[in-house]
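Accompanying notes for the structure given below.
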Amino acid sequence: MNETPTRVYAEIDLDAVRGNVRALRERAPRAELMAVVKADAYGHGALACAKAAQEAGATWLGTATPDEALALRAAGVEGRIMCWLWTPGGPWREAVEADLDVSVSGMWALDEVREAARAAGRPARIQLKADTGLGRNGCQPGDWAELVGAAVAAQAEGTVRVTGLWSHFACADERGHPSIQLQLTAFRDMLAYAEKEGVEPEVRHIANSPATLTLPESHFDLVRCGLAVYGVSPAPELGTPAQLGLRPAMALKASLALVKAVPAGHGVSYGHHYVTDAETTLALVPAGYADGIPRHASGRGPVLVGGRIHHVAGRVAMDQFVVDLDGDTAAVGDEAVIFGDAERGEPTAEDWAQASDTIAYEIVTRIGGRVPRVYLGA
């Protein structure tokens with residue numbers, strides 16, 4: 001897109017993505033880096049961000065669903081791509097033919113991928129996932145021997161190649177949480193068993209963004225970085241993006257659609273949860289919860305207008321919300337920065353997360369499909 005949209009748009013700085021990947025690689029210098037681009041790269045645009053991450057040295061890409069990974073391949077993205085969220089009847093054969101790495105957490109998945117490999121006439125690249133304590137996907141320790149044994153047998157028959165062993169932390173964003181060392185111990189034990197049984201993985205990995213930043217003992221052969229690639233801190237307790245050496249890649253901006261004076265006692269937006277206490281000027285921001293602006297931030301979400309931070313006045317509606325300029329002046333068409341980079345004096349995704357009682361992951365990822373992405377540094 002050459003022209004900047006006039007309603008609301010997400011400005012994505014691909015140089016920031018590249019810089020963040022380089023900074024994260026410096027945190028884990030002995031490991032390869034996987035840039036996780038699931039959920040449309042956390043709302044930033046999977047294809048553009050995948051290419052930028054690879055240009056900065058990411059040797060792996062990660063997606064949740066196979067459809068996300070297949071879309072990258074269809075767009076011409078090469079290199080190693082891993083996808084991990086499978087359900088029965090998924091596109092196993094397409095994944096095998098696209099040379100994807102697929103995660104296997106149980107016998108049903110191993111059976112389906114072996115069948116797909118036979119149909120494709122080539123071995124499938126699989127990574128066995130261990131549940132070391134998160135309690136979501138992954139194979140329980142008690143079932144690990146069966147899964148490993150079956151995978152080794154499948155490898156011997158030529159239907160699969162076990163390329164990785166991996167797991168995922170539950171609480172890496174909480175420094176010193178006792179589960180961290182328990183999971184590391186369980187992972188090492190499950191690695192040792194698999195390797196004793198003949199698995200020779202290309203990569204072993206458990207570190208997510210917070211572990212990449214704070215737990216060097218968890219880096220193994222590969223670190224998987226998601227939110228940090230986009231310059232957002234995975235937890236405020238770990239530090240701000242600037243403190244972590246990261247730069248936010250997304251700035252959500254809009255043009256004011258209306259500016260008007262109203263008297264004291266004037267209700268604002270649905271339910272009149274905000275009523276002006278004096279004569280003031282209201283500015284209309286043409287973005288709402290249909291665009292991903294959280295309704296839970298009604299009355300609290302911060303917005304930069306005219307060099308000063310104001311807050312949502314009243315409820316966020318489907319397509320618009322209002323800010324009370326509280327004595328400041330503005331004009332129709334002036335820029336409103338909903339969130340961006342604190343180093344530029346802008347509200348942040350974390351500010352909106354706190355205003356919405358959620359996490360910054362949700363704020364950037366929920367920005368809707370009708371919001372154009374405008375890429376800088378492409």
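For the chain, averaging the sequence separation of C-alpha pairs within contact (under 8 Å, six or more residues apart) and dividing by the residue count gives a relative contact order of 18 percent.
Pop out the Kirkwood hydrodynamic radius of the range 18-77 from its pairwise C-alpha distances, inverse of mean 1/r, in Å to one decimal.
Values: mean 1/r = 0.0868 Å⁻¹.
Computed over Cα pairs of the range 18-77, the Kirkwood hydrodynamic radius comes out at 11.5 Å.
Counting only protein heavy atoms and a 1.4 Å probe, the chain has 42 square angstrom of accessible area per residue.
How big is D, in µm² s⁻¹, for the range 16-115 by Stokes-Einstein at 25 °C and 0.890 mPa s if Rh is the Kirkwood radius over C-alpha pairs?
Working: Rh = 14.0 Å.
So the translational diffusion coefficient is about 175 µm²/s.
Count the net charge of all other residues whose Cβ sits under 13 Å from the Cβ of Met34, scoring Lys and Arg as +1 and Asp and Glu as -1. That sum, taken over residues with Cβ under 13 Å, equals +1.
Distance from the alpha carbon centroid of the range 115-189 to that of the range 78-111 works out to 13 angstrom.
The magnitude of the dipole of the range 75-170, with charges of +1 and -1 set on the Cβ of Lys/Arg and Asp/Glu and taken from the Cα centre, is near 140 debye. For the range 1-99, the residue among Gly45, Thr87, Gly57 whose Cα projects farthest onto the positive side of the dipole built from Cβ charges is Gly57. Here the range 291-371 is treated with +1 on each Lys and Arg Cβ and -1 on each Asp and Glu Cβ, and its dipole about the Cα centre works out to around 280 debye.
Here the accessible area of the range 118-192 is 51 percent carbon and sulfur, with a 1.4 angstrom probe and all protein chains present. When the accessible area of the range 46-104 is split by element with a 1.4 Å probe, what percent falls to carbon and sulfur? Exposed carbon and sulfur together represent 55 percent of the surface. The Kirkwood radius of the range 110-162, taken over pairs of alpha-carbon atoms, gives through the Stokes-Einstein law at 25 °C and 0.890 mPa s a diffusion coefficient of 212 µm² s⁻¹. Residues whose amide H lies under 5 Å from that of Thr348, counting only those 5 or more places away or on a different chain, are Gly340; hydrogens are built 1.01 Å from N in the peptide plane.
Let me have the relative contact order for the range 3-120, percent, based on Cα pairs under 8 Å that are six or more residues apart. Mind dumping the intermediate values first?
On the way: 153 pairs, mean separation 22.2, N = 118.
It rounds to 19 percent for the range 3-120.
For the range 166-316, the calculated P(r) over all alpha carbon pairs, in 5 Å bins from 0 to the bin holding the longest distance, is 2, 8, 13, 14, 11, 9, 8, 9, 8, 6, 5, 4, 2, 1, 1, 0 percent.
First measure r as the distance between the Cβ atoms of Glu197 and Ala64, then evaluate 1/(1 + (r/R0)^6) with R0 = 22 Å and state the FRET efficiency to the nearest 0.05. Numbers along the way, then the final one.
Values: r = 28 Å, r/R0 = 1.29.
The formula returns an efficiency of 0.20 here.
Hydropathy first: keep DSSP H helices in the chain averaging at least -0.5 on Kyte-Doolittle, then drop any whose Cα extent along the axis falls short of 24 Å, and list what survives.
Working: long enough: 141-157 (25 Å, 0.34); 178-196 (28 Å, -0.04).
Qualifying helices, which must be both long enough and hydrophobic enough, are 141-157, 178-196.
Considering only DSSP beta bridges with both partners in the chain, what is the antiparallel share in %, to the nearest 5? Please list the in-between numbers first.
Working: 28 of 60 bridges.
Taking every DSSP beta bridge within the chain, about 45 percent pair in antiparallel fashion.
To the nearest 10, the accessible area of Ser103 is 10 Å² with a 1.4 Å probe.
Output the direction-averaged projected area (hull surface divided by four) of the convex hull of the alpha-carbon atoms of the range 238-378, in nm². List each step's numbers first, then the result.
Details: hull surface 35.1 nm².
For the Cα atoms of the range 238-378, the hull's average projected area reads 8.8 nm².
Computed from the C-alpha gyration tensor, the three semi-axes of the ellipsoid equivalent to the chain are 45, 21, 18 Å, from longest to shortest. Positive-end ranking of Met34, Pro210, Ala119 along the dipole of the chain, with charges on Cβ about the Cα centre, is headed by Ala119. Using only alpha carbons, the range 236-278 has a radius of gyration to Kirkwood radius ratio (Rg to Rh) of 1.28.
For the range 136-295, the antiparallel share of DSSP beta bridges with both residues in that region comes to about 65%.
The values are calculated or read from the model by the stated rules, or taken from the named source; none is laboratory data. The structure displayed is predicted, hence computed values, not measured ones. Heads up, the Cβs are rebuilt from the backbone with ideal geometry, glycines too, and the neighbour counts pull from every protein chain shown. Protein only, heavy atoms only, side chains kept; ligands, DNA and RNA dropped before computing areas. Shrake-Rupley method; radii C 1.70, N 1.55, O 1.52, S 1.80 Å.
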